[in-house]
Number of protein chains: 4
Amino acid sequence: MTLPFEPADTGLRKTLFHIIFESDTRAAKIFDIVLITLILLSVAVVFVDSVPSLHARFGGAFYLLEWGFTLLFTLELAVRLYCLERPLRYLKSFYGIVDLLSILPTWLSLLIPGAQSLLVVRVLRALRVFRVLRLMEFVGEGRMLTQALTRSYRKIMLFLFTVLLIITIFGALIYMIEPPEAGFTSMPRAMYWAIVTLTTVGYGDITPTTPLGQFISACMMILGYSIIAVPTGVFSAEVIRSIHEERYSEEACPGCGHEGHERDAKYCRKCGTWLDEDTQDPRQRDEADGASQ
Amino acid sequence: MTLPFEPADTGLRKTLFHIIFESDTRAAKIFDIVLITLILLSVAVVFVDSVPSLHARFGGAFYLLEWGFTLLFTLELAVRLYCLERPLRYLKSFYGIVDLLSILPTWLSLLIPGAQSLLVVRVLRALRVFRVLRLMEFVGEGRMLTQALTRSYRKIMLFLFTVLLIITIFGALIYMIEPPEAGFTSMPRAMYWAIVTLTTVGYGDITPTTPLGQFISACMMILGYSIIAVPTGVFSAEVIRSIHEERYSEEACPGCGHEGHERDAKYCRKCGTWLDEDTQDPRQRDEADGASQ
Amino acid sequence: MTLPFEPADTGLRKTLFHIIFESDTRAAKIFDIVLITLILLSVAVVFVDSVPSLHARFGGAFYLLEWGFTLLFTLELAVRLYCLERPLRYLKSFYGIVDLLSILPTWLSLLIPGAQSLLVVRVLRALRVFRVLRLMEFVGEGRMLTQALTRSYRKIMLFLFTVLLIITIFGALIYMIEPPEAGFTSMPRAMYWAIVTLTTVGYGDITPTTPLGQFISACMMILGYSIIAVPTGVFSAEVIRSIHEERYSEEACPGCGHEGHERDAKYCRKCGTWLDEDTQDPRQRDEADGASQ
Amino acid sequence: MTLPFEPADTGLRKTLFHIIFESDTRAAKIFDIVLITLILLSVAVVFVDSVPSLHARFGGAFYLLEWGFTLLFTLELAVRLYCLERPLRYLKSFYGIVDLLSILPTWLSLLIPGAQSLLVVRVLRALRVFRVLRLMEFVGEGRMLTQALTRSYRKIMLFLFTVLLIITIFGALIYMIEPPEAGFTSMPRAMYWAIVTLTTVGYGDITPTTPLGQFISACMMILGYSIIAVPTGVFSAEVIRSIHEERYSEEACPGCGHEGHERDAKYCRKCGTWLDEDTQDPRQRDEADGASQ
């Protein structure tokens, strides 16, 4: 990842920049792990605080913890901005906005009571976890999945578009057939039902009551059950292609023309010819050496 | 796509034909996009008008909009028919019928009050969106998916047929076992339940109540959960084959005319002729060398 | 399919045997299609008769139809047995038992009132449809699917076995955690719930109510959502292998050793050598002919 | 499997060790099958005993059976420990703990009434079934599935991690939007709902009631319906690779010791040495021919 923010050139700012924005030194790695731990803890507090019974008993402690995290994250954001040459550019970036949003609600609650409920936004900070994955050698896996997703992107868009059309048409159909008493009171609600059915979620909060409505639902279920094969098939094919390409070179043997050599192959497995045409086969060099002696 | 309708040969009718039925000129592309936008807007009005609370507040505006769209679409259909040599053939085609159905309800509502509720049919016009996809380079993706679907068609039919048999047999079984009070009042309802269960939708509007009924349901669930592998596997295999076949060249053998050679083929696999017409077959060269010596 | 029943050698019996048990003559094909149509109609009558409102109105007609079908199927079974050398062996075969079971309930209802409700068994006769599929060129598709299923059989058994263990352990867990009031009154019911959850059916007739129970359910759902990949992956791989093997031969070119020739290839696509070592390359024969002249 | 526990060297202890811990002799196989049968029977008793109506009628018989099984399993554990050199190491292993836990509840019930309800733990003993699978030639299948799972492990972890993030974010969103009356009383409950929805289980015990909540649910359902393609695609690709790699030979190159050559390889792809030690490298033969001329 190239860093979109230039470091300031003072000594301290430079050091801080390396610790906060990079992850190749020991200090930087420790900073990343401590930060992620704090983020996960702060999210956990928001979670636990939302349970009425726990809020009643430990509400005070949670309030203090929340302020603690807010102060820490405010300090972190200040340092982040301090060590950058162009702090405004960071504030306008995705992570900058998330950083700001995750401390704002607590500060706002001093002015407007109740603003604290927006703290839920802090959950988004957990996205920073993807940064830590880099430390854990998950990069290769992620890159392959992203590559397969990028390649199947258009096909899956086309699939989702067809799904949307099916949902619209079936939603309209059921809206005409079923009485409003069954829950199909408007077309958007009928479409909500159609999505619940086609994706095989099946809450059962709205269900068809007439025989014709049940017949149409049944058709839709079998359709939804079958077409899941489309994105799965497309994505499978792309993952297989990615794995294959990662492994096999596309160059042919200069000796016999055999293709499909593994990337780490040095000699053709069919005729034993040296594959790299730009360099000399070490065996021939050895023989030449032997002959010249 | 070849156009099934011949254009009329007058100047104006020819120009209109090119704008309305083709999509290779700038004017034609603009026409397509404007039309799709109007269709989507008209569908949106039908949707929003179906919500009771919005109908109560904006019903009058929606009524006017509906008439506006109806007049526009009537004009469009008139122009479409005007610039064709055989307008009746268009009216009998799928899109012709959909065009007609999407304006008829509003006109009919002048005679029969309430006919307007059929306007939902206008949703089908959204299928015209597939035309616009052509503008957006989705053709290749669509063709590959359609090809894979066509190839797996028979296997998936066989699968659906087996699913239907399973549903019938399990539906009959549960109808014999469960009491009518549980909701299994007739065989068609038992089959509806079987489809809800096998496709893993699981509304829960009809559920088995006896231990034996629950045991049979459990078997059916595990069956439904496992056999989803069949269409997925079949379709995956076909997508992989389609991707694989992109490497087939479209050139015919100069010797026997055989087509469908793999891109890396050097000799025709049917008659052994050297495929690359620009260079000489190395075997002939060898023979020539041998002869000249 | 080899016929397990020997035909009797009288002229009439032989002719009847060919019509009823084979499907290669015109008369035999017509017999098959008429029989399947009658079977589907008789199943349809059983279905429609099970709907209370329709039974009340058309019960008499359905009763007559039922007797009509029973008489026809009895006659058919009699002719079947008549034209066989060993009729008892047929009666003991799967189709023989199904044939008998599908007429017995109506006859029994003369002695025991109510036996007619067993007519549902007639649904099994629909399995004869698989016979007609043979007429419709679905054999190849069916064979490939069956081959892929046979190959993945052991792996899918292992998967189902693991699923059963997961269900047992999670069922036992939730039985210990959840109170009986939530519906987890016995271990078999807890296992029923576990199957409903793992297969993502989710009726909602029994749902966990305690936080710990909901946490365990959530884990189970994510597990069930992920492991569906196992049978799908296994089956996909086998279908791909079947398609590949149907297409590519495993023999190497005698000229250059290149492998992966399509089954219909006559010459190596890499070096142009005649692939079939047992016969002579027609080109060489032509040349030889030319030389000898 | 290498045995982690050394057998004691007395004659009887050695014989018992071979019967109990190995499975290559007839006696050992019989022991395994008898043990598994007893385990499954004891689990069945726990199951059946948990049904209130059956407990009321046969509670006494079940009580006796439970004690019978407990005594048998206690005896078995004693013999197991007797024939080992280091019995404590076995008691600390996974199977040792499970063995102990499966007899403890019954013994404890003598001291503490009600401890028997923990007998459910006995279910875990069923895991020993995996041992019997070894007798049934399921090893190859299991190894291939395990290999494919190991290879896709990191990719599926990454997928599960992304799923967790999606669930957290959607859970937080719906918690802010929906009123507590709809059942979204706390953030953990909202996350439980999010898991029920994303995995397409769809109990319907908590469902969104506001239009915005239903819209967000609909998005989540379509997301959950589509991303199931990811683990399926990844696993499919790995199974295909495993099947593919069955064609790798296990012999090392006589030149450089490199392993993992494809079965059809003739030369080592690392050092170009002729792999088949029984015949001569055709290149050397050619050279030899050239030299002799």
request  = For peptide B:214-226, compute the average count of partner chain beta-carbon atoms within 10 Å of each residue's beta-carbon.
outcome  = 6
inquiry  = For the pairs B:Lys29/D:Lys155; D:Lys29/D:Lys92; D:Lys29/D:Lys155; A:Lys155/D:Lys155, flag any whose C-alpha to C-alpha distance is greater than 32 Å.
reply    = B:Lys29/D:Lys155; D:Lys29/D:Lys155
task = Put a label point 7 Å from Cα along the Cβ direction on B:Leu71, then list its distances to the equivalent points in the other copies in nm, shortest first.
result = 6.8, 6.9, 9.7
query = Rounded if a/c is under 1.5, else prolate if a/b is larger than b/c, else oblate: which is segment B:47-107, with a ≥ b ≥ c the root eigenvalues of its Cα gyration tensor?
reply = prolate
ask   = Along Cα→Cβ at 7 Å, what distances in nm separate the A:Gly142 label point from those on the other copies, shortest first?
value = 3.6, 3.6, 5.1
remark   = Note, C:Tyr63: beta-carbon cut-off 14 Å, +1 each Lys/Arg, -1 each Asp/Glu, net -1
Label point distance in nm, A:Gln147-D:Cys219, each placed 7 Å from Cα along Cα→Cβ = 3.1 nm
key: Shortest-first distances to equivalent copies, position B:Ala56, nm, label 7 Å out along Cβ   = 3.7, 3.7, 5.2
request  = Can you grab the distance from the C-alpha centre of segment A:78-113 to the C-alpha centre of segment B:34-60, Å, no decimals?
outcome  = 41 Å
remark   = Non-local residues with an amide H under 5 Å from the amide H of C:Leu275, with H modelled 1.01 Å from N and Pro and chain starts lacking one, are C:Tyr267, C:Cys268
request  = Determine how large the accessible area of D:Leu88 is when every protein chain is in place; take a 1.4 Å probe and give Å² rounded to the nearest 10.
outcome  = 120 Å²
note = For A:Tyr82, the accessible surface traced by a 1.4 Å probe with all protein chains present amounts, in square angstrom to the nearest 10, to 110 Å²
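The values are calculated or read from the model by the stated rules, or taken from the named source; none is laboratory data. Bear in mind the structure is a predicted one, so any value in this text is a computation, not a measurement. So basically every Cβ, Gly included, is an ideal-geometry build from the backbone, and we count neighbours across all protein chains shown. Accessible surface is based on the protein model in full, side chains and every heavy atom, while ligands, DNA and RNA are left aside. Shrake-Rupley method; radii C 1.70, N 1.55, O 1.52, S 1.80 Å.
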